[in-house]
Structure formats: C-alpha cells, structure tokens
Amino acid sequence: MAKARWTWLLVAALVGLGACKDHGTDEEGTDGGDVDAEAQAGFGKDRRQPKGTPLSLPAGVQVSGTIVGADDDGNCGQPQTADVGSGLYVRACLKLTNISGGPVQVTFPPGLVIVSASEGYQNGLLVERVVITVPPTSGGPGGLDGGSNPETVNVPLHFYCINKASDPSDPAARYELGPITDHPQMRELYTLLQGKDVYEDGLKVEVVQEAVYSISDGSGLTADDRAALRNL
C-alpha cells in the first residue's frame, strides 16, 4: 500500500480520534443495555482473555508463527494477501501456510479479535466479513516453492481498537489470534455496517472507530453513532 495514502488516512483519523488514547469523556450510550461480564472480556479496560469461538481455517491452511505488528504503512512484506479489515490502529501480520496444493478462500468473520501479547498495546477487532484467497505455499500452480519446509504468506490484519486507553500497534507489538467474539452490543454495529464500504476512507474509518469506542469503552452506541453509521 502506498505510503502517501496511508499517511493521509492516518492523519485524518488522528485528528478526529487522538490515536487510541483516551483524552476525555465520551457521550453516554442511549440504549445499549447491560453486557454480560464474559462478553466484555478483552474490551475496554477489561484485559482478560476474550471469550468466543475459535476461528476455523480450511483444510491445508494453518497459522505459522507469531502475529507481529505491521509496518507504518500497514504492510507485512511480500508475499502478502489482500488486507483483512479497514481499521487503522491495530495493524498486524498473520502468517499462514497453505499446503493444499491450490489457492484456498479463507473467510474472516466480524467479531474476530487479535489479543495483544505485548504490554501496553490494544486488542483489535474485525467489524466486517472479509474473504481472501490464500495461494499455495508449496507444490501448487501459482504458489510459492517452499519445498519440504513451506514458506508463509502474510495476511495484513487491519482491525479496530477496542481498548481506548492503550497504544496503537507498531512493528514491535506481538499478538495472538483470538476467538470470534459475540459482544451483544457489537451485533448492531455489524448490522449497520453491512453493505458499507469504508476502506481507504479515513473519515469513514473514524466514524466506525468512534462507534466501536462507544461500545468497548462506553455504554453502547449513541444516537449520533447510529446516524453517522447509517450515513456512511
């Protein structure tokens, strides 16, 4: 991804959000309702391990190695797939191997989280359903010649911050692949985002991030959040 484009996106979001740090009191949610303590794990100031369903990968596709923070432009180095997600503050690199012998489609659902393994960094949340194609990493046409020790392909994860008081990702950050969470207040957010295209638009990403904060660090979506999301 071009450095100039990422710089513009990041500046636009930083102006509106002040990065991932908490710099004030948020507007109170209007009718978010109570959230079960288990569903809140990993969100906001609750740094317990998030609860949910493990991500299921297709046959032949496996996670390989530690998830590391992406570079300043959100890239992971070649070979890499299309981006998974539209967020700016939790950008990391998931390494996959694909020994199936051919390209495989992998689905990443909303609610998937990555969990910071480095002190001071925030967890990340995927808010949209994303399908990518993972090329074979050995033995298949169009793949990588990994031999008996297959190479990996990088998957750039561009997730949203769910711990407002913590730090955004950087190349020193380390993450673990978390579960597919089912935070009840996030379900409405996912529904409001269906059919919306916020990729590469810093102002739209800012709207989504503020809505995520209203849930993760507040008491739920506000009327303004809902109106802004509908207008994306």
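The values are calculated or read from the model by the stated rules, or taken from the named source; none is laboratory data. Just so it is clear, the structure is predicted and the values come from calculations on it, not from any experiment. Using ideal geometry, Cβ is built from the backbone for each residue, glycine included, and neighbour counts are taken over all protein chains shown. Just the protein is used for accessible areas: all its heavy atoms, side chains included, with ligands, DNA and RNA removed. Shrake-Rupley method; radii C 1.70, N 1.55, O 1.52, S 1.80 Å.
Numbers at a glance
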| item | result |
| --- | --- |
| Cross-chain or 6+ apart pairs with Cβ under 8 Å, region 210-222 first and closer than 14 Å to Gly124 by Cα, then assigned to a loop (DSSP other than H, G, I, E, B) and open to solvent by 40 Å² or more (accessible area, probe 1.4 Å) | Tyr213/Asp26; Asp217/Asp22; Asp217/Asp26; Asp217/Lys45; Asp217/Ala165 |
| Of all residues in region 44-64 being of a type in the set (Ser, Thr, Tyr) and open to solvent by 50 Å² or more (accessible area, probe 1.4 Å), the one that is farthest from Thr107 (Cα to Cα) | Thr53 |
| Test: residue in region 180-201 that is of a type in the set (Phe, Trp, Tyr), in a loop (DSSP other than H, G, I, E, B) and either open to solvent by 10 Å² or more (accessible area, probe 1.4 Å) or modelled with pLDDT under 95 (or both) | yes |
| Among the candidates Val153, Val205, residue that is under 24 Å from Val106 (Cβ atoms) and either in contact with a strand residue (DSSP E or B) (Cβ under 7 Å, 6 or more places away or on another chain) or free of Cβ contacts under 8 Å to residues at least 12 places away in the same chain (or both) | Val153 |
| Residue under evaluation Asp224, criteria (1) in a helix (DSSP H, G or I); (2) of a type in the set (Asp, Glu); (3) under 15 Å from Ser86 (Cα atoms), criterion not met | (3) |
| Strands (runs of 3 or more DSSP E) contained entirely in region 75-124, each with at least 1 residues that are open to solvent by 30 Å² or more (accessible area, probe 1.4 Å) and modelled with pLDDT of 95 or more | 90-98, 104-108 |
